[in-house]
Amino acid sequence: NTDGCTAYQILSDNTRAITYADWSYQRCDSNLHGWYRFKGNAGNRMLDYCPLSVSGSRYNRCGTGMQGWITSGSMPSQYEGEVSRMVCFSDSSSCRCQYQKQIKVRNCGTFYVYWLDGVSACNQRYCGVKGEDFVSLALLIRLGFAYKLLMLLDCQLYCKCKVICR
């Protein structure tokens, strides 16, 4: 049993992106089982808002009739470890969940992984979105520390050149 950050499969097909629309074919995720990472043309994370808010065609987004998106809770921090979240599958007419499935999500520092199991119908699919690239909290702390250190050094250099220092 792995934590998902080192052993996962990649979902990168452009038809998985929420901005993709195709009337000709209903794709489904009935065969998924394990840890997955959204990457490349599929986006860099799972959709976490109602697909109706995305501009463009409303129909068959993500290459399927029922788009899967996370409805419960925020995305976890790296320190929260593995969390459970609910995925809603809704069609193009509303944000009402016609089917729900629980998944697991883990923050791996610079990306998320998702424990996904197969869906119950072949018009349901987990959808990806290109989200904000995020920086881990640890990196932000290091950057903040470096900034404070530079300001301190700058102040000390400035004070050496002036008679009065604060």
* Asked: Quick one: which of 61-72, 105-116 comes out on top by average Cβ neighbours within 10 Å, and what's the full order, highest first?
  -> 61-72, 105-116
* Structure fact -> Amide H proximity to Y99 below 5 Å, modelled H, separation 5+ or other chain, gives F89
* May I have the extent of the alpha carbons of region 70-136 along their three principal axes, as whole Å values ordered from largest to smallest? => 36, 21, 19
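Values in this text are rule-based calculations from the coordinates and carry no lab data. Keep in mind it's a predicted model, so treat the numbers as computed, not measured. Every residue, glycine among them, receives a Cβ derived from its backbone with ideal geometry; neighbour counts consider all protein chains shown.
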